[in-house]
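Colleague: Below are the structure tokens for one structure; questions will follow.
The values are calculated or read from the model by the stated rules, or taken from the named source; none is laboratory data. This is a predicted model, so every value here is computed, not measured. Counting neighbours? That spans all protein chains shown, and the Cβs are built from the backbone with ideal geometry, glycine included.
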Amino acid sequence: MLMIKMLTLTNFIAKGATRICFEHPNDAEKCIKVMARFKDEHLLKREIKTYLNIKYYVGDYLPGYEIELAETNLGKGLVCELLRDDNGAFSKPLEDYMKDHQIGDELKGQMCNFAYNLVEHDIIFYDFNLRNFIVQIRNGMERLYYVDLKSYDNYKPMTFLRLEKVITPLAKRIMVRRLKRLFAILNINVK
């Protein structure tokens with residue numbers, strides 16, 4: 001009989017609207033995300049599937065994911081790469097990073113490349129909250145990550161009758177409008 005060891009989550013990292021993130025108790029290079037309110041593992045499995053579907057196109061901007069959920073004292077958990085800076089501290093969300101740093105050309109270029117890959121390959125996201133982007137500092141260089149895959153492929157209906165679910169140009173148009181709002185906040189000029 002196969003025994004699955006339950007992980008006890010104690011080292012809190014952050015809390016979002018739907019998930020809580022903890023440091024992996026056995027691996028300081030990983031984190032575990034558990035559901036904050038609902039214990040429905042369907043959303044976590046959906047995120048793994050999303051990662052597997054899009055990593056070829058935007059994998060440079062995603063932390064690594066394990067393809068199996070972990071058993072924890074707080075329910076099933078999604079295991080991901082934990083982003084840390086050179087000094088060992090947790091890498092900051094873009095919103096926090098901007099409080100202490102200017103967004104330079106390198107980071108702006110990464111954001112443009114990420115957005116281009118989404119549009120070019122019809123990878124539809126809607127949630128471009130500044131907290132969904134993490135800036136990691138490694139070897140003195142900034143690296144951008146997108147850490148919230150829940151909104152992939154029309155996670156929530158945006159239009160009457162959910163037309164964006166069946167009309168890709170409409171979905172893309174909604175996404176591009178949201179990307180332009182993000183770029184305005186970051187002072188990135190695009191046409």
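Colleague: For Ile32, state whether it is more than 15 Å from Gln136 (Cα to Cα), part of a strand (DSSP E or B) and of a type outside the set (Ser, Thr, Tyr).
Modeller: Working: more than 15 Å from Gln136 (Cα to Cα): yes; part of a strand (DSSP E or B): yes; of a type outside the set (Ser, Thr, Tyr): yes.
For Ile32, the condition - more than 15 Å from Gln136 (Cα to Cα), part of a strand (DSSP E or B) and of a type outside the set (Ser, Thr, Tyr) - is met.
Colleague: Filter segment 73-82 down to the residues that are surrounded by fewer than 20 Cβ atoms within 10 Å (Cβ to Cβ) and at pLDDT 95 or above and list them by number.
Modeller: Glu81
Colleague: For the structure I just gave you, tell me whether Tyr116 is surrounded by fewer than 15 Cβ atoms within 10 Å (Cβ to Cβ) and among the aromatic types (Phe, Trp, Tyr). Talk me through it step by step, then tell me what you get.
Modeller: Numbers: surrounded by fewer than 15 Cβ atoms within 10 Å (Cβ to Cβ): yes; among the aromatic types (Phe, Trp, Tyr): yes.
Yes: the conditions hold for Tyr116.
Colleague: Would you point out the residue of segment 27-45, among those that are of a type in the set (D, E, K, R) and surrounded by fewer than 16 Cβ atoms within 10 Å (Cβ to Cβ), that is farthest from Asp122 (Cα to Cα)?
Modeller: Filtering segment 27-45 down to residues of a type in the set (D, E, K, R) leaves 27, 29-30, 33, 37, 39-41, 45.
Remaining after also requiring surrounded by fewer than 16 Cβ atoms within 10 Å (Cβ to Cβ): 27, 29, 37, 39-41, 45.
Values: Asp27: 35, Glu29: 31, Arg37: 31, Lys39: 30, Asp40: 28, Glu41: 26, Lys45: 21 Å.
That would be Asp27.
Colleague: Let me ask something additional. Which residues, counting only those in segment 30-40, are at pLDDT below 95 and either over 12 Å from Thr72 (Cα atoms) or in contact with a Pro (Cβ under 9 Å, 6 or more places away or on another chain) (or both)?
Modeller: Ala36, Arg37, Phe38, Asp40
Colleague: Residues being without any contact (Cβ under 8 Å) to a residue 40 or more places away in the chain and in a helix (DSSP H, G or I): count how many of those fall in segment 79-97.
Modeller: Total satisfying the criteria: 3.
Yes/no per residue for (1) out of contact with any Lys or Arg (no Cβ under 9 Å at 6 or more places or on another chain); (2) charged (D, E, K, R); (3) not assigned by TED's automatic domain parsing to the domain that holds Glu120:
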position: Glu29; (1), (2), (3): no, yes, yes
position: Glu41; (1), (2), (3): no, yes, yes
position: Leu52; (1), (2), (3): yes, no, yes
position: Tyr57; (1), (2), (3): yes, no, yes
position: Glu66; (1), (2), (3): no, yes, yes
position: Ala70; (1), (2), (3): no, no, yes
position: Ile103; (1), (2), (3): yes, no, no
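Colleague: Ok, one more. Return a yes/no flag: does segment 113-124 have any residue that is charged (D, E, K, R), within 21 Å of Cys80 (Cα to Cα) and in the same structural domain as Ala171 (by TED's automatic domain parsing). Give the derivation first.
Modeller: Taking segment 113-124 and keeping what is charged (D, E, K, R), we get 120, 122.
The next check asks that each one be within 21 Å of Cys80 (Cα to Cα); those that pass are none.
No, every residue in segment 113-124 fails to be charged (D, E, K, R), within 21 Å of Cys80 (Cα to Cα) and in the same structural domain as Ala171 (by TED's automatic domain parsing).
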